[in-house]
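Trainee: Below is one structure. I have some questions about it.
Read the figures in this text as sums done on the coordinates, not as results from a lab. Here the structure is a predicted model, which means the values were calculated and not measured. Note that each Cβ is placed from the backbone with ideal geometry, even for glycine, and that neighbours are counted across all protein chains shown.
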């Protein structure tokens, strides 16, 4: 296709039309296990579509991915938010927001990691990914341990495992100290 801009718009219109049609048709369906379709169950998918709309130009114009790489950051953040909301809406586990909010910095880190791979791998970007992602995961583990059901068990277990790894690493090799030669 000569004009990929038209392809982009066409894909978006088809996806949005299919989404709206599915939400309208399934609005009154009763599914097993309390699952919902229609607008009440599918609205987070609209957020996922918006996130994918940011990624689509990168794939359509792959030869210019380094110029379009900046779209990966908001696209990834929106996709992660859509997945979080889809989980919460499907399970009706809205109280999980008490610890899932910590995945917001992780979403930023994932977006920056995508930018790193798409834009020529600038080294400084990895430092930002590690700092922002590490802070997000730290808070996710801490608040998950305090507020989150099964996650409440995984957080302390992860901390114990990390602590044991550090202890065993410390016991494995003793640091050698530089000694001044005696005169």
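Trainee: Can you compute the equivalent ellipsoid semi-axes for segment 65-117, i.e. the square root of 5 times each eigenvalue of the Cα gyration tensor, sorted largest first and rounded to whole Å?
Mentor: Values: eigenvalues 134, 23, 6 Å².
Output for segment 65-117: semi-axes of 26, 11, 6 Å.
Trainee: So, one more: Once Rh is set to the Kirkwood radius over Cα pairs, what Stokes-Einstein translational diffusion coefficient, in µm²/s, holds for the chain at a temperature of 25 °C and a viscosity of 0.890 mPa s?
Mentor: 124 µm²/s
Trainee: Follow-up question, since we're still on this one. For the chain, modelled as a GNM with alpha-carbon contacts under 10 angstrom, which of 147, 168, 20 fluctuates the most?
Mentor: Highest fluctuation of the listed residues: 168.
Trainee: Going by alpha carbons, how many degrees (0 to 90, nearest 10) lie between the helix axis of 38-60 and the longest principal axis of the chain?
Mentor: 70 degrees
Trainee: Please give the length that would be gained between residue 119 and residue 164 if that part of the chain were fully extended, namely 0.36 nm times their separation in residues minus their C-alpha to C-alpha distance (nm, one decimal). Could you put the intermediate results ahead of the total?
Mentor: On the way: separation 45, 0.36 × 45 = 16.20 nm, distance 3.73 nm.
Contour length minus the Cα-Cα distance gives 12.5 nm.
Trainee: What's the extension gain from residue 142 to residue 62 if we count 0.36 nm per residue and subtract their Cα-Cα distance?
Mentor: Working: separation 80, 0.36 × 80 = 28.80 nm, distance 3.94 nm.
Gain on stretching residue 142 to residue 62: 24.9 nm.
Trainee: For segment 93-172, what class follows from the C-alpha gyration tensor (a ≥ b ≥ c being the square roots of its eigenvalues): rounded when a/c is under 1.5, otherwise prolate if a/b is larger than b/c, else oblate?
Mentor: Numbers: a/c = 3.55, a/b = 1.22, b/c = 2.92.
It comes out oblate by the Cα gyration axes.
Trainee: A follow-up question, please. Let me check against my output: what whole-number percent is the relative contact order of the chain, with C-alpha pairs under 8 Å and at least 6 apart? Walk me through the numbers before you get to the answer.
Mentor: Details: 192 pairs, mean separation 27.3, N = 183.
Once divided by the residue count of the chain, the mean separation gives 15 percent.
Trainee: Arrange 123, 64 by Cβ neighbour counts within 10 Å, fewest through most, would you?
Mentor: Values: 123 7, 64 11.
Ranked by crowding around the Cβ, least crowded first: 123, 64.
Trainee: Another question about this same structure. Could you state the angle between the C-alpha long axis of helix 123-147 and the longest principal axis of the C-alpha atoms of the chain, as a value from 0 to 90 degrees rounded to the nearest 10?
Mentor: In the chain, helix 123-147 runs at an angle near 80 degrees to the longest axis.
Trainee: Another question about this same structure. For segment 39-57 and segment 1-32, write down the distance between their C-alpha centroids in whole Å.
Mentor: Each part's Cα centre sits 10 Å from the other's.
Trainee: Principal axis lengths of segment 1-92 from Cα atoms, whole Å, largest first?
Mentor: Between the extreme Cα coordinates on each principal axis of segment 1-92 lie 45, 25, 14 Å.
Trainee: Could you line up 8, 99, 116 from fewest to most neighbouring Cβ atoms inside 10 Å?
Mentor: Numbers: 8 16, 99 22, 116 19.
So the residues, fewest neighbours to most, are 8, 116, 99.
Trainee: Here's something else I'd like to know. Once the piece of chain linking residue 90 and residue 11 is laid out straight, how much longer is it, given 0.36 nm per residue of separation minus the C-alpha distance between them?
Mentor: Working: separation 79, 0.36 × 79 = 28.44 nm, distance 2.65 nm.
Extending this stretch completely gives an extra 25.8 nm.
Trainee: Given a 10 angstrom Cα cut-off, can you work out which residue in 170, 40, 111 is the most mobile in a GNM of the chain?
Mentor: In the Gaussian network model the winner is 170.
Trainee: Connecting C-alpha atoms closer than 10 Å in a GNM of the chain, tell me which of 21, 110, 12 has the biggest fluctuation.
Mentor: With Cα springs under 10 Å in the chain, the top fluctuation among 21, 110, 12 is at 21.
Trainee: Taking Cα atoms, how many degrees apart are the long axis of helix 72-91 and the longest axis of the chain, rounded to 10 and kept between 0 and 90?
Mentor: 80 degrees
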